[in-house]
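Only one structure is covered here, and it is reproduced in the block below.
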Amino acid sequence: MRLKYLLLALFIASGLAQTGRAQNQGNEAEPAPEFPLEIPVWESHTPRDVESEIVVNGITGIYESNGLPITALTEYDLTSVQGLDITRALERVPGVAISRNGGPGSFTAVRVRGAEGEQLLVLLDGVRMADPAAPGGGFDFGNMLPGNLSEIELLRSSNSTIWGSDAIGGVLHATTGDSTVDRSFKLEYGSFDQLYATGRLAFGNHWDSHASVYGGFARSNGFSAAAAGNEPDGFRQTEVGGKGKLELTERLRLAGNFRYAEGELEIDGFPAPNFVLADTPETQETRQLSGAVGLEYRSPSLDLDARYSRADTERDLFDPATGTAPAYATNGTSDRIEARGRLTLGDDWSLQAGTERLWTRFSTTFDAAKQTHSTGAYAQLSYDRIWFVVNAGIRIDEHRDFGSEWSFGADGSVDVAPGLRLHASYGEGFKAPSLFQLHSDFGNPVLQPERSRGADVALEYGSRTDRSFITIGAFRRDTENLIGFVSCFGVTTGICAGRPFGTYDNIGRARAQGLEVEARTQATEGIVLGLAYALLDAEDRTRGSATRGNDLARRPRHALTATVDWWPEDSVKFGADLRVVSDSFDDAGNFTPLGGYEVLTLRVSWDATDHVTLFGRVENLWDETYQTAAGYATPGRGAYIGARARF
């Protein structure tokens, strides 16, 4: 234990010492290179182009010119952390908390600013990825690996104005592929017999007609998902996909993408007679298919996009004790038709608007196929003078099962001093009840949507494309009509009439508020320091409930990620990632504590040639034992090596 805290102190002190050395050298020091650093092209450190599409806000424009709390993780970030665990990259964003039921591939929830994992809208290349057959209708991040992603945008505030249902906790948009590179390959191997390989091929002109295809394979013998177990639980996944655009005219392009992934996960369960988490021989097979096709029109004053997209998720649970057929199977499908546009109104004003139609369907072994649909439309007016920006919009959704839902949102930013900018936003969100909550054997057809109202304000010094920047902000979100499960054990009246096994109802209210800090600085030549920290107060606000005032489950009060990257020379990079998380509780009653933890990962990479890089890392250096979900194990110390090449 003393060694762990010694290493922790050295990690912090090293950054301070390097900063102090740069200050003490004064004019005698060799001038530090302009940011970004001169590093390989596939590790471009620029967070993103300043003129690019901000998908999570639906606006094409300058990245900094809005008031929303958005963080973009580029291919540099995703490549830098290495490995097949996408959560290690997401932890570089303030306000993100992760919980996982075991090793790689296990069910993984991402909670943003204290929201439920199912309240985060997840998009992959513009396609909604939520599983309509999941009880909460959310997305399992255990099925998303980072090797074929080129960027992740994360909006940390409610934004149903643009996206409709599910955007209570924010919006995450992941982008695959990179048509600027012809060929890229990556292979790594390490602890738990873990193997991860990816490859990508691109063709054509990046700006006109182009296409790319990619593939990936992941395998891990893993470890017991049950902390009290001994039998390793393995995981494998195969992924293929592609995307492309075809120039039809000077202003019109045909665009499309697809992805197919299938995986097998060994899981632990709650066997009789003790019904506690323990080793079991069960396995889960998952198949995901998603894709989209549409038209893009671009002109100096008008941008239009129209597309059709589909996502399908199938899951089969096998238990050898019940035979070779699936013991339980689910299938969830969503189809969406949408049109979005942006009209420039003079030099400073613009109008964006859109409409969409969404159909969702689910079935399980015990539930016949059910479906529903909704229609939404929105409009947002923007005023942009660079130094002063404001956006305001409104949306209406019509859902077959509960009627109309209105959403309003506004955000803005203004330069208050040289290098200092004020950002602020207000957003409303809603989440429609899932098909499982509405129409399964436990369903309640009169459920109403969950609703949220949130606001945040932040001061940002510098720019994300500068050598240094820091953002300090505060936020608050109030959520009502939260859907929870109601036990009907021994109760046969009221909502429990005819539902002996329980049902769902709008029974909860919650409040999440706190502070966030996001910073990065090139402390001295060849050294870049990064920080993401959140202070979160997330509590149950349900009137009359025995849990009122309790902490929400699995929401740590403090979460910090500190990073150091050091280039002693152009071809060699050393890095370290420190994740510090405080205590939390695993349950609404706050009876089951989850201890805090500190995990340190060390990284190294070497450009062996102009096209080949060798890399390696040691995860959980001091072999910390901790849990993010009660009873489920997390990986101990592990070492990995690999190589990547681009031509």
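List the number of the failed condition for residue 503; all other conditions in (1) modelled with pLDDT of 95 or more; (2) in contact with a helix residue (DSSP H, G or I) (Cβ under 7 Å, 6 or more places away or on another chain) hold.
Residue 503 satisfies all of (1) modelled with pLDDT of 95 or more; (2) in contact with a helix residue (DSSP H, G or I) (Cβ under 7 Å, 6 or more places away or on another chain) except (1).
Name the one entry in 588, 532 that is crowded, with 22+ Cβ neighbours inside 10 Å, among the aliphatic types (A, V, I, L, M) and within 22 Å of residue 169 (Cα to Cα).
532
Among the residues of region 221-233, which ones are assigned to a strand (DSSP E or B) and either within 21 Å of residue 290 (Cβ to Cβ) or in contact (Cβ under 8 Å) with a residue 40 or more places away in the chain (or both)?
So the first thing to find is which residues in region 221-233 are assigned to a strand (DSSP E or B), and the list is 221-223, 226, 233.
Those that are assigned to a strand (DSSP E or B) and either within 21 Å of residue 290 (Cβ to Cβ) or in contact (Cβ under 8 Å) with a residue 40 or more places away in the chain (or both): 222, 223, 226, 233.
Counting only residues that are polar (S, T, N, Q), give me the strands (runs of 3 or more DSSP E) lying completely in region 112-194 with at least 1 of them. Walk me through how you get there before you give the answer.
Working: elements: 120-124, 149-155, 170-176, 183-190.
Fully inside region 112-194 and qualifying: 149-155, 170-176, 183-190.
Quick one: which of 451, 421 is within 20 Å of residue 160 (Cα to Cα) and basic (Lys, Arg)? Working first, answer last.
Numbers: 421 fails: within 20 Å of residue 160 (Cα to Cα).
Going through 451, 421 in turn, just one is within 20 Å of residue 160 (Cα to Cα) and basic (Lys, Arg): 451.
Here's the yes/no breakdown for (1) closer than 23 Å to residue 357 by Cα; (2) aliphatic (A, V, I, L, M):
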residue: 107; (1), (2): no, no
residue: 119; (1), (2): yes, no
residue: 127; (1), (2): yes, yes
residue: 130; (1), (2): yes, yes
residue: 138; (1), (2): yes, no
residue: 146; (1), (2): no, no
residue: 150; (1), (2): no, no
residue: 154; (1), (2): no, yes
residue: 157; (1), (2): no, no
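Being in contact (Cβ under 8 Å) with a residue 40 or more places away in the chain, in contact with a Leu (Cβ under 6 Å, 6 or more places away or on another chain), buried (at least 17 other Cβ atoms within 10 Å of the Cβ) and of a type in the set (A, V, I, L, M, F, W, C): is that true of residue 600 here? Don't jump to the end; show me each part of the working.
Working: in contact (Cβ under 8 Å) with a residue 40 or more places away in the chain: yes; in contact with a Leu (Cβ under 6 Å, 6 or more places away or on another chain): yes; buried (at least 17 other Cβ atoms within 10 Å of the Cβ): yes; of a type in the set (A, V, I, L, M, F, W, C): yes.
Against the criterion (in contact (Cβ under 8 Å) with a residue 40 or more places away in the chain, in contact with a Leu (Cβ under 6 Å, 6 or more places away or on another chain), buried (at least 17 other Cβ atoms within 10 Å of the Cβ) and of a type in the set (A, V, I, L, M, F, W, C)), residue 600 qualifies.
Among the residues of region 435-475, write down those that are acidic (Asp, Glu), over 22 Å from the mean Cα position of the chain (by Cα) and not in a loop (DSSP other than H, G, I, E, B). Don't jump to the end; show me each part of the working.
Filtering region 435-475 for residues acidic (Asp, Glu) gives 441, 450, 456, 460, 466.
When the remaining residues are screened for being over 22 Å from the mean Cα position of the chain (by Cα), the result is 441, 460, 466.
Passing the criteria: only 460.
Counting just the residues of region 301-343 that are surrounded by fewer than 17 Cβ atoms within 10 Å (Cβ to Cβ) and β-branched (Val, Ile, Thr), which one comes out modelled with the highest pLDDT?
Step by step, filter region 301-343, then rank; the result is 337.
Of everything in region 285-300, what is within 30 Å of residue 236 (Cα to Cα) and surrounded by 15 or more Cβ atoms within 10 Å (Cβ to Cβ)? Give them in sequence order.
Filtering region 285-300 for residues within 30 Å of residue 236 (Cα to Cα) gives 285-293.
Once the filter is applied, which keeps residues that are within 30 Å of residue 236 (Cα to Cα) and surrounded by 15 or more Cβ atoms within 10 Å (Cβ to Cβ), region 285-300 yields 285, 286, 287, 288, 289, 290, 291, 292.
How many of the residues in region 502-531 are farther than 23 Å from residue 156 by Cβ and in contact with a Ser or Thr (Cβ under 6 Å, 6 or more places away or on another chain)?
Qualifying residue count for the region: 2.
Residues of region 342-371 being of a type in the set (D, E, K, R), under 16 Å from residue 391 (Cβ atoms) and within 30 Å of the chain's Cα centre (by Cα), which ones? Spell out how you get there, then give the answer.
Step one: of region 342-371, the residues of a type in the set (D, E, K, R) are 342, 347-348, 356-357, 361, 367, 370.
Subsequent filtering for residues that are under 16 Å from residue 391 (Cβ atoms) retains 342, 348.
Residue satisfying the conditions is 342 alone.
Filter region 237-275 for residues that are closer than 27 Å to residue 131 by Cα, of a type in the set (A, V, I, L, M) and not in a strand (DSSP E or B) and give the result.
First, the residues of region 237-275 that are closer than 27 Å to residue 131 by Cα: 237-244, 255-271.
Then keep just the ones that are of a type in the set (A, V, I, L, M); that gives 240, 255, 261, 265, 267.
Scanning region 237-275 gives a single hit, 267.
The values are calculated or read from the model by the stated rules, or taken from the named source; none is laboratory data. Source: prediction; values computed, not measured. Here Cβ is always computed from backbone atoms with ideal geometry, including for glycine, and neighbour counts include all displayed protein chains.
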